[in-house]
1. Return TYR62, TYR22 ranked ascending by Cβ neighbour count within 10 Å, so the fewest neighbours appear first.
2. Got a sec? Which residues in segment 1-45 would a label at ILE72 touch, if it sits 7 Å along Cα→Cβ and we count backbone N under 14 Å?
3. Please rank PHE86, PHE97, fewest neighbouring Cβ atoms within 10 Å first, as an exposure proxy.
4. How far is it, in nm, from the label point at ILE20 to the one at LEU8 when both lie 7 Å from their Cα along the line to the Cβ?
Amino acid sequence: MTHYNDLLSSAALLAALIAIDYIGVLIAIVADLRSGLAKAKRCGAKLTSRGFRATVDKAGGYYLTLFAMTAIDVMIIASVLFLRKFSGWNLPPFPVFTTVGAVGLGIIELKSIMENTRSGDNLAEAAKLMKSLLKNPDLREIAEDVLKNTK
């Protein structure tokens, strides 16, 4: 009976680790969505369903990838448990692919969040600079000439 209890305990721990990976990816997606909404608000952009659909599509792709990694982990963990039972090997069952994949997806979302926070400030600064430069009539005339000549 102890072997059965050990197996259930290991399965519960593995399920908890995998759930943490999936929840972590969800938190990263929601954080990126939040930063995108804040960027749109800062830039005065209109919120449309296109951006929300992109987030849903991204989440679907992420979870499909994560599910495939979990399937690979299930096969590896089954092999590890088989080797433990019949060969005496004592490899720890750990969802390596799922965890590495979740961390990778989290890093991608972190990079996206950083881009959202940085680019909004840069665009706002550039817009203010352009506005102040175009108030000068001489610079405005030069800018108009440049635009006419580049067409």
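No value in this document is a laboratory result; all are computed from the given coordinates. None of these values were measured; they are calculated from a predicted model. When we count neighbours, we look across all protein chains shown, and the Cβ atoms used for this are built from the backbone with ideal geometry, even at glycine.
1. Numbers: TYR62 22, TYR22 16.
So the ranking, lowest neighbour count to highest, is TYR22, TYR62.
2. Of the residues in segment 1-45, none has backbone N under 14 Å from the label point off ILE72.
3. Details: PHE86 8, PHE97 19.
So the residues, fewest neighbours to most, are PHE86, PHE97.
4. 2.3 nm
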